[in-house]
Every structure is written in C-alpha cells, then in structure tokens.
Amino acid sequence: MNGAGNLMDFLDEPLPDVGTYEDFHTIDWLREKSRDTDRHRKITNRSKESIWEFVKSLLDAWSGWVVMLLIGLLSGTLAGVIDLAVDWMTDLKEGVCLSAFWYSHEQCCWTSNETTFADRDKCPQWQKWAELMTGHTEGAGAYVLNYFLYVLWALFFSFLAVSLVRVFAPYACGSGIPEIKTILSGFIIRGYLGKWTLLIKTVTLVLAVSSGLSLGKEGPLVHVACCCGNLFCSLFSKYSKNEGKRREVLSAAAAAGVSVAFGAPIGGVLFSLEEVSYYFPLKTLWRSFFAALVAAFTLRSINPFGNNRLVLFYVEYHTPWYMAELVPFILLGVFGGLWGTLFIRGNIAWCRRRKTTQLGKYPVLEVIVVTGITAILAFPNPYTRRSTSELISELFNDCGALESSQLCDYINNPNMSRPEDDIPDRPAGPGVYMALWQLALALIFKIVITIFTFGMKIPSGLFIPSMAVGAIAGRIVGIAVEQMAYHHHDWIIFKNWCRPGADCVTPGLYAMVGAAACLGGVTRMTVSLVVIMFELTGGLEYIVPLMAAAVTSKWVADAFGKEGIYEAHIRLNGYPYLDQDEFTHRTLATDVMRPRRNEPPLSVLTQDSTTVEDVETLIKETDYNGFPVVVSRESERLIGFVQRRDLILAIKNARQKQDGVVSNSVVYFTEDAPQLPASNPQPLKLRRILNLSPFTVTDHTPMETVVDIFRKLGLRQCLVTRSGRLLGIITKKDVLRHMAQMMNQDPESIMFN
C-alpha cells in the first residue's frame with residue numbers, strides 16, 4: 001500500500017518563497033496580518049521556555065524602534081548632505097570661492113574679514129566667473145560671459161542628472177509620492193525602494209535642484225527616506241518577510257522624510273497620516289513620531305543652513321493680524337485653488353502627451369530643452385536667478401531696519417524715532433515698484449514652466465515651486481494692501497486698526513498665506529499643510545489665516561475636480577489604488593463578478609480529483625493569480641482559495657524532494673488522503689497552502705459594501721457565492737475597472753494586476 005500512512009506532507013517544513021508576491025501584484029493584507037499574529041504567538045510561547053528565548057523575544061519587540069532610529073539617522077544625514085551640496089552647486093553657476101572652492105557664496109563671505117555690512121554678499125574671496133576669467137566685474141562683456149556660464153552649468157547639471165537616472169535607476173525620477181502612496185496601499189513595485197534607487201536619487205536630486213529647474217527637493221526626500229526604511233527592513237526578518245509590517249515601517253519613513261524636508265517633525269507625522277498612508281495603526285503613529293524626531297535632531301546637528309535652525313524660512317513678525325485682513329487671505333485661498341486646478345490639468349495633459357507621443361522617447365532631450373529655456377529666461381530676473389528656496393525666504397521676510405533687499409526700499413520719514421523692530425508703514429520707493437514688476441514676471445514664468453517641469457525623467461518635487469507661486473502672489477497682494485492702508489488710512493476698513501505711523505500690514509505674512517494656499521490647491525492637504533507651514537516659519541499665532549487660506553483653496557480646487565496632483569498621477573500611470581471617495585452607484589456584486597455571461601466558466605480546482613498535470617496545464621493556460629478550490633465540479637461547494645505562486649512553488653519543490661510524485665499524481669486539499677492501491681502513483685497533499693477562510697460575499701451584496709470591504713481590509717480578491725455554492729470572483733482590478741466605468745472613464749486604463 002502506498003497510502004496515507006507514509007504520505008509525506010512536505011509542507012510541514014515552511015517552504016521558501018511560499019506566501020510571497022510577484023512584481024506588480026497586490027499584497028493580501030489579511031494574510032500578512034494573520035501570519036504576523038502566528039509569528040508573535042510562537043515567540044511569546046517560546047519566551048517562557050528559557051532565558052535565551054526570552055531575550056530573543058525582547059529583541060524582537062525592540063526591533064521596530066531600532067529600525068526607526070536607523071531611518072531617522074540616515075535620512076537626517078542624507079538631507080543635511082543634500083542641503084549643503086545644493087547650496088554649493090547652486091552658487092557654482094555664478095562664481096567660485098578662491099579661498100576654498102567647496103564653500104558656497106555665503107560660507108565664503110563668512111570667513112572673510114573684509115566684508116562690510118552694506119555689501120555683506122560681496123567679498124574679495126568670492127569671484128564671479130567673468131571677474132575670474134577677464135578681471136572685469138561690470139560691463140556688457142562680463143554680463144554676457146556670466147549669463148553664458150550660468151546656462152552652461154545648468155545644462156551640465158541637468159544632463160548629468162537625467163543620464164544617471166536613465167542608465168542606473170529609472171525609478172529615481174519624479175517626486176516618488178504617487179508611487180509611495182500606491183506601495184503603501186499594498187502594491188508591489190520591486191526595485192522602487194532599492195539601494196541603487198536610493199543612491200542615484202540622492203545624487204541626481206542635488207544635480208536637478210542645482211540646475212535651477214523649477215522643482216524642489218522636498219517630495220523626493222520622502223522617497224529617499226522610504227528607500228532608507230526599505231533598506232533597514234531587510235536587516236530584520238520580522239519586516240523583510242512580511243509585506244504588511246514592512247508598510248508600517250515605510251509609513252513612518254515617509255514622516256521622517258517630510259520632517260527633514262521642512263524641519264517639521266509633527267507636520268511629517270500628519271502628512272504621512274493624511275496624505276500617503278493607507279493603513280496607519282496607533283503603533284505606527286508613535287513610531288513615526290520617533291523617526292521624525294530622530295531625523296529632525298540629526299539634521300539640526302548637521303546645521304546645513306548655518307542659522308542653528310531646522311529650516312531656511314524661519315521668520316519673526318512683530319505685528320498681529322486683524323480681522324479685516326481675512327478678506328485678502330481668503331482671496332489668496334481662491335487664487336491657490338485656481339492655480340492648483342490649472343496646474344493639475346495642464347501638467348496631466350502634458351504628461352499624457354509625453355506618454356502617447358514621440359516626446360516620451362527622448363527624455364534626455366526634453367530635460368535639456370526645458371533646462372535651457374528655464375536658465376535663459378531665469379538669469380535676467382534676480383528673483384528667478386536665485387534658488388527657489390532663497391526666493392521664498394526673501395518673500396517671507398519682514399522688512400526690518402537691517403534689510404538690504406530691493407523689496408524693502410521704502411521712503412523713510414527722517415523724523416521717525418521708533419524701536420528697530422517696529423517700523424511703521426511707509427510709502428513704497430522706486431525699488432519696491434521695480435521689485436513688483438520683476439515679481440509679476442517671475443510669477444508668470446513660474447506658473448508656466450512648472451507645468452512642463454514636473455514629471456520629467458529627473459527627481460522633481462512640487463512643494464517648493466507651488467509655494468514660490470503662492471509666495472510671489474501673496475507678497476504682491478501684501479504690498480498692495482500695505483500701500484492702500486498707508487495712503488487711505490481714513491477709509492472705514494483701515495480706520496479701526498491702522499493708525500497713521502503704525503506698523504499695520506506685514507507683506508511677508510501674505511506671502512506665507514499665499515504659499516500655503518497654492519500648496520493646498522495642488523496637493524489638497526489641509527491639516528498637515530497648516531502644521532508644516534507654522535513649523536516651517538515659526539509663525540504660531542498665524543494659524544487662523546493659514547487655516548482660512550488652506551480650507552478655501554481646497555474648496556475652490558475641489559469644485560473643479562476632487563483629485564490632487566498625486567491622485568491624478570496615480571490614475572495617469574494606472575496604478576491599482578483605491579481612493580477614499582464614496583461609491584454611490586447602485587450596482588450589485590453579481591454585476592461586477594467574473595465570469596460574466598458568454599464568458600467561459602470559472603477556473604477551479606477540486607479538493608481530491610485534480611492531478612498534478614491538470615494543475616500545471618491550468619497554470620500554463622491562464623494568468624490568474626489564484627484559484628478557488630471546490631468539493632466537486634458538480635456541487636461547486638467552496639472549500640478555500642489557493643494562490644498561483646504558492647501552487648507553482650509547492651509542485652516544484654514536491655517534484656524535487658518527494659519520491660513518486662509524477663504528472664498523474666492526485667493533488668489533495670483534504671485533511672486526510674484516502675487509502676490508495678499500491679499501483680497508484682504517490683499523491684500530493686497541499687492542504688497547507690490552502691486558504692480555508694477566503695473572503696466571500698453573496699451575489700446580492702451591494703457594490704458599495706464590496707468597495708468598502710476592499711478598501712478597509714485591503715483584499716486582493718473576494719469570492720461570490722449563493723447558498724455556499726461558488727458563482728464567481730471579484731478582484732481589486734475588477735473593482736477599479738467598475739469604478740472607472742461608473743465615472744465614464746476608460747476601464748482599461750487600470751493596466752497593472
């Protein structure tokens with residue numbers, strides 16, 4: 001007898017790779033959760049057996065905090081290095097420090113003893129390229145030479161960036177946030193968070209930002225931090241072997257990324273919760289907080305800005321805001337919402353054109369052309385020539401007595417005797433009017449060029465360009481309100497709060513509110529946006545104006561379309577992402593399930609009458625990710641569900657390790673295999689890989705409920721039954737197709753499994 005007595009269930013030993021997923025597939029959150037619970041139960045039971053096992057259980061419990069500590073340290077260090085390198089390379093386009101070429105302009109003049117307060121940005125050690133090459137600082141020749149070298153450096157940096165991305169790490173382009181959102185929702189994109197991507201993204205981010213393109217480093221820093229998180233996950237089997245646990249770490253890493261990008265640890269945690277995470281338990285909240293704290297502390301230790309602060313935009317305003325100012329703040333919110341809508345529609349149209357036409361075949365040429373146009377148009381205007389971060393910093397600044405900026409060229413009253421920090425409103429001088437014209441041109445330039453820049457094959461963030469657009473618009477509005485208040489202080493709206501000789505209006509505050517409004521209009525963030533803005537600037541008492549602008553911009557932008565820029569890019573790329581919008585259509589599970597009418601019947605396995613050859617043929621002829629197991633084809637009574645990958649691995653291993661398994665061996669999914677005559681080939685028992693509790697719904701379940709189940713439980717598929725009899729299957733892809741159909745979109749745009 002070759003019976004059940006010596007039947008080897010070779011799966012008593014865990015199989016390598018069983019329970020893992022292929023590239024571009026969705027994970028099964030429920031299975032990952034139950035596997036982690038089993039692992040935890042085993043560790044807890046073993047910990048009572050000996051001291052060593054108890055120590056191992058403690059190490060397992062602490063591994064999460066260790067991973068967070070490592071993520072915080074590495075992402076903080078990388079952010080500091082990126083900040084310092086960007087400063088130096090941005091200044092390299094204009095000149096070089098003779099005393100030490102690795103110093104940026106500011107660092108070069110710090111070390112100089114010959115710098116005067118009036119000309120604090122001029123020192124003999126720092127020379128522009130024309131001065132270094134020809135000895136002349138003024139004149140048309142020097143200007144043209146500086147102009148030419150500025151464009152040349154910009155082209156060199158961007159060419160290097162796009163070449164490195166193309167050759168070594170194609171996944172290092174873009175901001176990375178749409179893909180991070182998709183990965184955190186349970187999708188697998190192998191290599192997206194790999195070591196090469198981390199290395200190339202860090203290097204090319206410096207090059208791309210330094211080239212002067214209209215992009216920021218904040219979004220890509222979230223991708224860099226998530227790469228760090230993925231790197232450290234591989235050190236601990238608890239995270240490397242469980243995709244659900246890995247995503248908890250990546251959520252915390254995203255928080256650390258925003259923490260170092262803006263110097264906003266609490267804003268980072270809220271950003272991860274509001275914007276990128278799909279599953280965010282309380283435990284992840286604490287760990288995100290810890291990772292963000294360590295990352296911010298590390299960045300502060302490096303002190304990349306040299307001002308002992310975490311951020312470049314730290315401001316201190318000395319005047320409160322007044323209720324009447326809510327009107328311009330809300331108008332800035334409206335502008336932010338309109339700009340967000342314009343940007344999303346324009347950028348998505350351009351990216352779609354890139355995907356569907358010849359344009360997409362020449363990514364290097366596209367980057368070179370956009371960089372060339374940006375550099376040629378940016379150099380003549382002092383507000384677009386400098387880095388965008390410095391521009392925003394200047395726009396946020398209040399005009400104190402020590403400011404030498406053109407924006408602070410007001411006409412002073414000689415009789416004025418007031419404390420240094422409380423300068424009254426004054427009439428604008430010629431410098432301010434000149435600056436307003438330049439800012440208006442800079443605004444138009446930024447609005448147009450950012451649409452074409454975001455989405456190119458280089459690392460490109462969106463936070464800083466969006467804030468720049470809002471800050472320019474805000475500063476222009478702020479100066480206009482300030483001059484109105486000065487010249488018409490007897491008007492009824494100014495009478496109550498603006499006395500002659502008082503400091504009533506702070507134009508820098510309007511710039512801050514405008515920046516928040518535009519960033520909110522593009523990304524549709526609200527809570528995290530306000531917290532990031534006040535952490536970024538230190539303007540704690542201006543929360544109400546920021547909230548008013550953020551909410552207004554979201555309302556206005558949502559009136560034209562619910563999607564933020566990241567959701568729009570997810571849809572454009574066809575990632576299987578179930579967003580949190582309500583599903584309001586009255587359809588049933590039977591309308592969506594497959595097989596439909598006129599389609600071949602569902603591919604199933606039976607519990608005790610399918611041979612190995614039948615299984616292998618089914619796998620070869622179909623590309624389904626799994627198969628329902630039924631009692632028999634006549635009854636169609638459901639037993640469970642088995643994954644395609646697990647079947648392939650199990651049969652392959654059985655053929656290698658188990659004697660007598662041949663093509664006509666019967667596959668058993670039952671608890672016990674029956675007694676078989678000796679002449680029969682050795683059976684194969686695969687009960688261990690069978691999921692005995694697949695999620696099922698009846699055929700009359702409303703799709704609203706089914707969508708909710710998929711969203712909240714993170715299912716890959718769900719079986720449809722009637723009275724215990726199998727009717728069909730609904731996969732995540734079917735749900736997404738159905739939702740696209742209901743919104744009159746192309747259902748085939750969901751191109752991944």
Residue satisfying all of: in the stretch 262-311; more than 20 Å from the chain's Cα centre (by Cα) and basic (Lys, Arg); farthest from Ala252 (Cα to Cα) among these: Arg309
Do any residues in the stretch 311-335 that are under 12 Å from Tyr510 (Cα atoms) have Cβ atoms under 7 Å from those of residues that are assigned to a loop (DSSP other than H, G, I, E, B) and at pLDDT 85 or above, where the two are at least six apart or on different chains, and which pairs are they? Tyr317/Thr506
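To keep it simple, each residue is scored yes or no on (1) loosely packed, with under 14 Cβ neighbours inside 10 Å; (2) within 31 Å of the chain's Cα centre (by Cα); (3) hydrophobic (A, V, I, L, M, F, W, C).
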{"site": "Ile43", "(1), (2), (3)": "no, no, yes"}
{"site": "Ser47", "(1), (2), (3)": "no, no, no"}
{"site": "Ser57", "(1), (2), (3)": "no, no, no"}
{"site": "Val66", "(1), (2), (3)": "yes, yes, yes"}
Quick check on my filter: what residues within the stretch 426-454 are crowded, with 22+ Cβ neighbours inside 10 Å and assigned to a loop (DSSP other than H, G, I, E, B)? Phe454
Selection from the stretch 532-574 of residues farther than 28 Å from Cys173 by Cα and aliphatic (A, V, I, L, M) yields Leu540, Ile543, Val544, Leu546, Met547, Ala548, Ala549, Ala550, Val551, Val556, Ala559
Quick one: is Phe280 in a helix (DSSP H, G or I) and either farther than 27 Å from Met512 by Cβ or modelled with pLDDT of 90 or more (or both)? no
Conditions first: (1) more than 25 Å from Asp28 (Cβ to Cβ); (2) in a loop (DSSP other than H, G, I, E, B); (3) free of Cβ contacts under 8 Å to residues at least 40 places away in the same chain. Leu676 passes all but one, so which condition is the exception? (3)
Looking at Trp110, Trp102, can you tell me which residue is among the hydrophobic types (A, V, I, L, M, F, W, C), open to solvent by 40 Å² or more (accessible area, probe 1.4 Å), more than 35 Å from the chain's Cα centre (by Cα) and closer than 30 Å to Ser211 by Cβ? Trp110
Among the residues of the stretch 669-677, is any within 24 Å of Ser34 (Cβ to Cβ) and either open to solvent by less than 40 Å² (accessible area, probe 1.4 Å) or among the small types (Gly, Ala, Ser) (or both)? yes
Within the stretch 305-324, can one find any residue that is over 16 Å from Gly538 (Cβ atoms), part of a helix (DSSP H, G or I) and open to solvent by less than 50 Å² (accessible area, probe 1.4 Å)? yes
Residue hits (the stretch 354-384; over 20 Å from Tyr171 (Cα atoms), open to solvent by 50 Å² or more (accessible area, probe 1.4 Å) and either polar (S, T, N, Q) or assigned to a helix (DSSP H, G or I) (or both)) are Thr357, Gln358, Val369, Ile373, Ile376, Leu377
Looking for something farther than 30 Å from Ile27 by Cβ, open to solvent by less than 30 Å² (accessible area, probe 1.4 Å), touching a helix residue (DSSP H, G or I) at 6+ places or on another chain (Cβ under 9 Å) and in contact (Cβ under 8 Å) with a residue 60 or more places away in the chain - is there at least one such residue anywhere in the stretch 684-701? no
Can you tell me how many residues in the stretch 1-23 are open to solvent by less than 60 Å² (accessible area, probe 1.4 Å) and either modelled with pLDDT of 85 or more or part of a loop (DSSP other than H, G, I, E, B) (or both)? 10
Is there a residue being outside any loop (DSSP other than H, G, I, E, B), open to solvent by 40 Å² or more (accessible area, probe 1.4 Å) and in contact with a strand residue (DSSP E or B) (Cβ under 7 Å, 6 or more places away or on another chain) anywhere in the stretch 711-725? yes
How do the helices (runs of 4 or more DSSP H) wholly within the stretch 526-609 filter down when requiring 3 or more residues that are aromatic (Phe, Trp, Tyr) and open to solvent by less than 80 Å² (accessible area, probe 1.4 Å): which remain? none
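The values are calculated or read from the model by the stated rules, or taken from the named source; none is laboratory data. This structure is a prediction, so every number in the text was calculated from the model and none was measured. Reconstructed Cβ throughout: ideal geometry from the backbone, glycine too, with neighbour counts over all protein chains shown. Ligands, DNA and RNA are excluded from the accessible area calculation, which covers all protein heavy atoms including side chains. Shrake-Rupley method; radii C 1.70, N 1.55, O 1.52, S 1.80 Å.
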